[in-house]
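**Student:** Below you will find the structure I want to go over with you.
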Amino acid sequence: MTAAPVTTAPPPAGPAPAARRARRRPSARHLALAPLSLLMVLPFLYMLGASVMTRAQLNRFPPPLVPPGVDLTGYRELLASSEFPRWFLNSVIVSAAIVASQVVLCSMAGYAFARLRFAGRRVTLALVIATTLIPFQLTVIPTFLIFNRLHLINTLGALIAPQLASALGVYLMTSFFQNFPRELEEAARIDGCSRWGVFFRVVLPVARPALAALAVITFIYAWNDLFWPMVAISSKENYTVQAGLATFQGQHRADWPQIMAGTVLTTVPVLIVFLVGQRRFVQALAGAVKG
């Protein structure tokens with residue numbers, strides 16, 4: 001008796017070479033967007049080039065578009081003769097605290113509005129969203145008075161507390177949780193999970209795209225905020241990078257090499273955060289638009 005020959009299934013065929021070439025070929029949409037992308041990148045390229053120019057080159061009219069050489073005096077003076085490292089650390093602390101707080105609080109509020117049934121839920125959500133129509137400049141005086149009574153003015157706490165949660169974050173997380181499949185939550189509840197267990201063990205791991213999008217948006221806003229730090233902070237050691245760079249431009253003189261060098265160093269964290277969370281950011285926005 002002879003054993004039957006063993007046949008193995010052929011490996012799945014990959015995409016045809018023609019299909020791969022067609023996928024790599026730029027479409028008409030890409031060709032139309034390329035000049036617009038270059039137009040948006042040019043200011044950043046000029047900023048990078050200006051940061052390695054000398055003060056005489058930048059004060060020339062018109063200034064050169066391409067740096068004749070590389071001069072790092074602006075970076076050296078920025079790091080040696082100013083408190084930029086301290087400002088950078090302050091911005092990191094403030095932005096990290098705000099991002100962590102909004103990820104936690106906005107996700108909890110969004111889940112409550114999307115799943116829990118309580119009196120006035122829709123009205124409360126509408127009022128929360130309506131607060132985005134109120135400019136912060138209209139509330140800056142009462143906000144300043146409240147934090148002055150709490151003895152938080154001229155501290156990093158005054159920069160963190162007003163942004164512990166946001167209406168945009170609550171709306172984004174509510175839109176995501178409204179499209180979340182209830183079957184996963186019901187299965188977890190049948191297995192004995194409490195409401196908090198379902199939220200932390202089932203819901204949040206699946207909500208990573210929305211959380212990443214919220215973190216990116218919050219970080220960019222907190223990192224680039226200038227108005228409130230200029231109002232709430234009076235001592236230079238508590239400045240953020242944006243408020244600190246504003247002091248380099250006076251009424252009669254502006255130190256452009258240091259300004260450009262500081263702007264380059266300030267832009268790098270924003271680019272890194274956006275590039276790292278870009279894919280999940282697009283996924284969350286697509287889900288929010290679909291919902």
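The values are calculated or read from the model by the stated rules, or taken from the named source; none is laboratory data. The shown structure was predicted, so the numbers you read here are calculated from the model rather than taken from an experiment. Positions of Cβ are backbone-derived with ideal geometry, glycine not excepted, and every protein chain shown enters the neighbour counts. Note: accessible area is taken over every heavy atom of the protein model, side chains too, but ligands, DNA and RNA are not part of it. Shrake-Rupley method; radii C 1.70, N 1.55, O 1.52, S 1.80 Å.
**Student:** Roughly how big is the chain's charge dipole about its Cα centre, with Cβ charges of +1 (Lys, Arg) and -1 (Asp, Glu), in debye to the nearest 20?
**Tutor:** Charge dipole, the chain, about its Cα centre: 940 debye, nearest 20.
**Student:** I'd like the accessible area for ASP71: 1.4 Å probe, protein heavy atoms, all chains in place, Å² to the nearest 10.
**Tutor:** Here the residue's solvent-accessible area equals roughly 40 Å².
**Student:** Hey, another quick one. Which residue, SER101, THR247, VAL216, has the largest displacement toward the positive end of the dipole of the chain when charges sit on each Cβ (Lys, Arg +1; Asp, Glu -1)?
**Tutor:** Going by the charge dipole, the pick is VAL216.
**Student:** For ARG122, ARG86, give the ranking by accessible area with the largest first, probe 1.4 Å.
**Tutor:** ARG122, ARG86
**Student:** Which residue, PHE88, LEU42, TRP256, has the largest displacement toward the positive end of the dipole of the chain when charges sit on each Cβ (Lys, Arg +1; Asp, Glu -1)?
**Tutor:** The residue sitting farthest along the positive end of the dipole is LEU42.
**Student:** Given a 1.4 Å probe, how much area per residue of the chain is accessible, in Å²?
**Tutor:** Ligands and nucleic acids excluded, the figure is 63 Å² per residue.
**Student:** May I ask you to order 234-247, 31-44 by the average number of other C-beta atoms within 10 Å around their residues, highest value first?
**Tutor:** Taking the mean over residues of other Cβ atoms within 10 Å, the ranking is 234-247, 31-44.
**Student:** Would you give the gap between the C-alpha center of segment 122-139 and the C-alpha center of segment 41-71, rounded to a whole Å?
**Tutor:** Here the answer is 43 Å between Cα centres.
**Student:** Report ILE272's accessible area, 1.4 Å probe, all protein chains in place, as a number in Å² to the nearest 10.
**Tutor:** Rounded to the nearest 10, the figure is 100 Å².
**Student:** A further question follows. Given axes a ≥ b ≥ c from the Cα gyration tensor, I'd like to know whether segment 35-140 is rounded (a/c under 1.5), prolate (a/b larger than b/c) or oblate.
**Tutor:** prolate
**Student:** Using just the helices of the chain, give the 222 nm mean residue ellipticity in deg cm²/dmol: DSSP H runs with n ≥ 4 each add -39,500 (n - 2.57), and the total is spread over all residues, rounded to 500.
**Tutor:** So the helix-based figure for the chain works out to -21000 deg cm²/dmol.
**Student:** So, with +1 on the Cβ of K and R and -1 on the Cβ of D and E, and no other charges, what is the size of the charge dipole of segment 42-146 about its Cα centre, to the nearest 20 debye?
**Tutor:** That gives a dipole near 520 debye.
**Student:** Ordering GLU183, GLU77 from largest to smallest accessible area (1.4 angstrom probe), what's the sequence?
**Tutor:** Numbers: GLU183 125, GLU77 60 Å².
Result, largest first: GLU183, GLU77.
**Student:** Moving to a separate point now. Rounded to the nearest 10 degrees, what's the angle between the helix 136-149 long axis and the longest principal axis of the chain, both from Cα atoms, 0 to 90?
**Tutor:** With rounding to tens, the tilt is 80 degrees.
**Student:** Quantify, in whole percent, the carbon and sulfur part of the accessible surface of the chain (1.4 Å probe; protein heavy atoms only). List each step's numbers first, then the result.
**Tutor:** On the way: 12350 of 18260 Å².
It is 68 percent, rounded to a whole number.
**Student:** Next question. Using only Cα atoms, locate the centre of segment 210-231 and the centre of segment 92-119, then give the distance between them in Å, rounded to an integer.
**Tutor:** Spelled out, the Cα-based centre of one part sits 15 Å from the other.
**Student:** Related question: Treat each spin label as a single point 7 Å out from the Cα along the C-beta direction, and report the THR247 to LEU48 distance in nm.
**Tutor:** 3.0 nm
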